[in-house]
DNA sequence: AAAGAGAATTGTAATAAATACAAAATTAAA
DNA sequence: TTTAATTTTGTATTTATTACAATTCTCTTT
C-alpha cells in the first residue's frame, strides 16, 4: 500500500515546501518505507546518501511536513513518534512485540460530532494495540 | 461523571493491590479529579496530605494500577501520560489550548475485527484533538 | 513483643526523545 | 558579486520516565 507520488519535488512545491536535498531524501524515505518509521529509522536509512545529515534536520523536516499536512505524527506509546506519509483518514494497529504498525481501514463515526457541538475538531485518531498475526504464529 | 467507588481499600484489594497509604491517596486523587490528570498534578495535589511522597512512587503506583487494569494510560501528545480511572471503553477529546481532556461516548466499531483476523487485540483507542467549546467562546 | 522476610517507598542518578539556539552553509535575489 | 533569507548542522538543554540501591514499612512467625 505504498503511497503513489510521481514527482517528489513537485509534491513538496505544491505544499509550499522548498525542495532541499534533505527534504527530498526524507520524503523519499517516508514513501519507500511503509512501516511508519521513527526518526532514527529515517535518519539511519539516509546516512549512506547524505553523510552530513543531522538528526536535528530530520526532526525539523518532519515538523515542517507535519505543519504542511503531508505527514501524520503517530503517538501511540509515548516512547517515540512514528510518521505516516498517508494522510487519508485511517486507523492503526501497533504490535507490542515487533513494534510494527499496520494500517486499519477505519474512520471515526460521525456520531461523535453530536457530542462535540461547539468544538473545533482538528484531528481524529483511532488505533489498536496487541500482538500481530505474524508474531502470534511464531 | 465522577467514578463511583464506595470503598477505596476494598476496591484495591479486589484488584490484588495492597492498599498502602500512598496507593489509597493516589487512587483518591484519580477519582477526585475527573480531569485525566498527569503525574505532576497528582503528585502536587497530594503533597499536603503526604509530604514525604516521592514522585517515583506516583509513577510506580500508576504503573501498578495500569497493570491491574484499574487505570488507563492516555497517550495523546507524547509530551506526557494522562491517567483515566474510568476503564469503560470510551474516547477522549483533548483541547490544544487548555490541555483539558473530556470524555467521548464512543467505542470502536466491530468492523475492524474483520481486518484484524489472527491478531490479538489488547487495546482499542479513539481520540480527537482541537479546541474545546470553552476555549472557543473566550 | 521481637525478629526476620518480603514488599513498598524514597531519592538520586541515568536514559532518551525532542527542542533551543547559535554558527555555518546553502540558496535566491538584487 | 554582494546581500539577504532560509536551511542545515552540532551542541547543549529540557523533561518525562525508568533504573536502582538504600531505607522504611508491613506482616508473619516465633
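A few notes on this one:
- Cα centroid of region B:89-131 to Cα centroid of region A:16-81, whole Å: 26 Å
- Sorting A:63-69, B:77-83 by their mean Cβ neighbour count within 10 Å, with the most densely packed peptide first, gives B:77-83, A:63-69.
- Whether region A:8-84 is rounded, prolate or oblate, judged on the alpha carbon gyration tensor where a/c under 1.5 counts as rounded: oblate
- Shielding by partners for peptide B:23-33, expressed as the average number of C-beta atoms from other protein chains within 10 Å of each residue's C-beta, is 0.
- Cβ-Cβ distance of residue B:79 and residue A:44, R₀ of 30 Å, FRET efficiency by 1/(1 + (r/R0)^6): the value works out to about 0.75.
- Using the Cβ-Cβ distance between residue A:137 and residue A:5 with R0 = 35 Å, the FRET efficiency computed as 1/(1 + (r/R0)^6) comes to roughly 0.55.
- Inter-chain Cβ neighbour average for residues B:114-122, partner chain, 10 Å: 6
- 10 Å Cβ neighbours from other chains, averaged over peptide A:106-113: 4
- In chain A, the longest principal axis of the Cα atoms and the axis of helix A:21-32 are about 40 degrees apart.
FYI, it's all coordinate maths here, none of it is from the lab. What you see is a predicted model, and the numbers here were worked out from it, not measured in a lab. Methodologically, a virtual Cβ is constructed for each residue, glycine included, from the backbone with ideal geometry; neighbour enumeration extends over all protein chains shown.
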